[in-house]
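The values are calculated or read from the model by the stated rules, or taken from the named source; none is laboratory data. All values reported here derive from a predicted model rather than from experimental measurement. Glycine gets a Cβ as well: all are built from the backbone with ideal geometry, and neighbour counts include every protein chain shown. Just so you know, the surface numbers come from the protein's heavy atoms only, side chains and all, with ligands and any DNA or RNA stripped out. Shrake-Rupley method; radii C 1.70, N 1.55, O 1.52, S 1.80 Å.
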Amino acid sequence: MIIIMLGAQGTGKGTVAGLISEATGIPQISTGDIFRKNISEKTELGIEADKYISKGELVPDDITVPMVDDRLSWDDAKEGAILDGFPRTIEQAKKLDEILTKKGKKVDLVINLVTPRDEIIDRMLTRRVCTNPDCKATYNIKLHPPIKEGICDKCGSPLKQREDDKNADAIKKRLEIYEEKTSPLIDFYKNKGVLRTEEISISINRMGTDVAKDIVNDIKK
Ligand code: AMP
């Protein structure tokens, strides 16, 4: 099963994808996480990608698309994947269709997460991530804090704030890019009949854990 997580930054795509992955065994493939791992390991790909990521810009397709194509060929993705952070443009969505067609697969479900703008910005500022690139658990110091302040519950490594979450200009740029380039994917996938929109907000007392639980129940039906 191929699942795509859609939604602006800070809506909880990573959290929901992680919970669905844990419950179903379908691997979570986050392009942002792959880039950050490469940046921390100072690989050629990481050094190139960082030039764009630090400014809040999209990494060019000639780097991103082959990286996703390669990752989808790993053994663990034979039965499917939860794509978190890809595609981010109509162009990438069309390229993904080509990649999947070659593998005899298609996009089965697109989960579109929606959260009010003021909550999104607050969540990006209060998000903390595990520094261990093989763990990459995500926390929120207000909504979902670790048991011990500054320490990852899962692996015990220190937590930190993402570089692009510290920079107000980069946050603004990322949200602008989402509106301009990524949000057209909502209609793209609605027209294909695979879109499922879910609101996540404190105001309706519905968080990522609630959404993930409902989706896992439906997948397992
Ligand atoms: P994320 O963790 O999904 O917020 O991604 C962090 C950053 O990685 C983004 O702001 C982009 O600079 C880059 N990135 C992640 N996914 C993609 C993608 N599909 N296309 C281009 N750039 C991406």
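Computed from label points 7 Å out along Cα-Cβ, the spacing between Trp74 and Glu57 is 2.8 nm.
Beta bridges per DSSP, both residues in the chain: antiparallel share near 30 percent.
Restricting region 20-79 to GluC sites (Glu not before Pro) that sit in a DSSP loop and have at most 16 other Cβ atoms within 10 Å of their own Cβ leaves Glu41, Glu57, Glu79.
Check cross-link reach from Lys142 to the aspartates and glutamates: straight Cα distance under 13 Å, and skip same-chain residues fewer than eight apart. Partners found: Glu119, Asp122. Between Asn205 and Ile151, what is the label-point separation in nm under the 7 Å Cα-to-beta-carbon projection? Result for the modelled spin labels: 3.4 nm. Remark: the chain carries 51 Å² of accessible area per residue (probe radius 1.4 Å; ligands, DNA and RNA excluded). Here the chain is treated as a sphere whose radius is the Kirkwood value from Cα pairs; by Stokes-Einstein at 37 °C and 0.692 mPa s it diffuses with a coefficient of 185 µm²/s. Extension gain, Ile186 to Lys220: 0.36 nm times the residue separation minus the Cα-Cα distance gives 9.8 nm. For Gln28, the residues whose modelled amide H falls within less than 5 Å of its own, excluding neighbours fewer than 5 places apart on the same chain, are Ile82.
Placing unit charges on each Cβ (+1 for Lys and Arg, -1 for Asp and Glu) gives region 81-221 a dipole about its Cα centre, and among Asn205, Val194, Thr101 the Cα reaching farthest toward its positive end belongs to Thr101.
Counting only residues at least eight positions apart within a chain, or on another chain, the lysines with an alpha carbon under 16 Å from that of Lys42 are Lys51.
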